[in-house]
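Below is one structure, written out as structure tokens, with a few remarks after it.
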Amino acid sequence: MRTFGVSRAFGDVPAVKPPSRAVHAGRELGARSPLAPDLSTAAVHVYTDLDDYDAVAKGERPGHYYGRNSNSNREMLEKAVAELEGAEAGLATGSGMSALHATILALAPRPATIVATRELYGGTMALLRQDFEPAGYEVHFVDLADLDAARRALAGAGLVLAETITNPLCRVPDLEAIAAIAHERGVPFLVDNTFASPILCRPLELGATAVMHSVTKYIGGHSDLLAGVAVGSATAIGAARARSVRTGTPLGPFDAWLALRGLRTLDVRMRRHSENSIALARAMQKMDGVARVHHPLLEDSPSFPVASRLLPHGAGGMMAFDLEGGRDAVQRMMLRFKLVAFAASLGGVETTISYPEITSHRSLTPQERAELGVTPGTVRVSVGIEDADDIVTDFAQAISA
């Protein structure tokens, strides 16, 4: 892991822990520095020396010259997430999907076989099917929890893609074992770490090649921005950055500023999200009308042994459950909520629910959803940071109808 350096304003600390890293990463403070970073909205910077401009444009000197190439707020966010993940470099883009797209093409620039976890965010699945397959890539969706199946699928593959905690049923594949297989085969390994955040899991330390986040979710944390970040080696991220610049997907300065502000409280939020989600999951196991609860740290979860090892500090705020009565029962529950809201995203401070059948996994056929275990009664929950008893009470009274 990289050593985290702080300025003289905070003392010479050679390596600080992730909570402190989240607060200070991405910038150095000197005398008279603004404690909150300035927002730079400039699209272009002025130069008076041709050699100076040329050196900055080549990356030989620090600085910014055009907003599509770099920006001070974007750079701070990129450095901060890279430091948290233990990466050499970072790239911030306008959404998680654009970060994912640029990183896949950086790791597999020509048509190849992509092996992806079978249980996958619907938007990612649509990207692979509707954009990569028509471009000549071959995509295989595999149950990566089955390491024998993973080993067979990775023979001759050009990329393997997994999620730390899967969407929407919150299963945890053995990233360390998958990374070992990928390394044996010489296959780059890309991990979507959105649900866990770098506070709870750092896949590069487990052997991943690159990591991406939908910053819109936990890193931003307040449902008020769209952003994505990818981190990894300087070579891989350099290739992703070049493509992002060419295609015009870099993150704007204000969303970068908001995301960095959200990042500062990531540790305290993830602790509360984690505590509340497992409390709600355990309470829901006892509620009439709930057929099944999906949380990786429940003792009866198939992911429990792996999740206990890879996520020792908690599994974040995501969970799901299957409600008896299907879609009609979900609709009745929604009408009774007092605290919880329906919202087709996640990772905010508020507790929200989503209905995968018409949100994250609407691009799948009913048969495909059924094969994944997503039923007409499946509800995904993003558990917020409210009082845990209040969250449980609201679900209990809404489901009791």
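Just so you know, all these numbers are worked out from the coordinates, no wet-lab data involved. Here the structure is a predicted model, which is why all the values come from computation and not from measurement. All Cβ positions, glycine included, derive from the backbone under ideal geometry; neighbour counts span all protein chains shown.
Structure values in brief
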item	result
Cβ crowding within 10 Å averaged over residues, with 279-290, 130-141 ranked highest first	279-290, 130-141
Percent antiparallel among DSSP beta bridges (both partners in the chain, rounded to 5)	60
Sparse-neighbourhood loop sites, chymotrypsin sites (Phe, Trp or Tyr not before Pro) in region 184-225 - DSSP loop, at most 12 other Cβ within 10 angstrom	none
Packing-based order for 64-72, 256-264, using average beta carbon neighbours within 10 Å, highest first	256-264, 64-72
The chain: DSSP helices with Cα axial extent of at least 18 Å and average Kyte-Doolittle hydropathy no lower than 0.0	234-247
Cα→Cβ-extended label distance, 7 Å offset, between residue 223 and residue 68, nm	3.5
Three-way shape call for region 259-401 based on the alpha-carbon gyration tensor, with the a/c threshold at 1.5	rounded
Expected 222 nm ellipticity per residue - DSSP helices of 4 or more, -39500 (n - 2.57), all of the chain, to 500	-11000 deg cm²/dmol
Listed residue (107, 156, 222) projecting farthest to the positive dipole end of region 74-263, Cβ model	107
Formal net charge of residues neighbouring residue 101 (Cβ-Cβ distance under 10 Å; K, R +1; D, E -1)	0
Surrounding net charge for residue 37, when Lys and Arg each add one and Asp and Glu each subtract one, Cβ distance under 12 Å	+2
Using a Förster distance of 56 Å, the FRET efficiency for residue 139-residue 49 (Cβ separation, nearest 0.05)	0.70
Per-peptide average of other Cβ atoms within 10 Å, ordering 161-167, 29-35, 211-217 highest first	211-217, 161-167, 29-35
Options 210, 167, 57, ranked by Cα towards positive dipole end of the chain, top entry (Cβ charges)	57
Mean-position separation - Cα centroids, region 171-204 and region 344-401, in angstrom	25
Percent RCO, i.e. relative contact order, over the chain, from Cα pairs under 8 Å lying at least 6 residues apart	17
Region 266-401 - percent relative contact order, Cα under 8 Å, separation 6 or more	31
Lysine pair count for the chain [Cα-Cα under 21 Å; pairs on different chains or 8 or more apart]	4
Gap separating the Cα centres of region 130-158 and region 308-330, nearest whole Å	26
Local electrostatic count at residue 385 - Lys and Arg +1, Asp and Glu -1, tallied over other residues with Cβ under 12 Å	-2
Assigned charges on the beta-carbon of Lys, Arg, Asp, Glu; the chain dipole about Cα centre (debye)	340
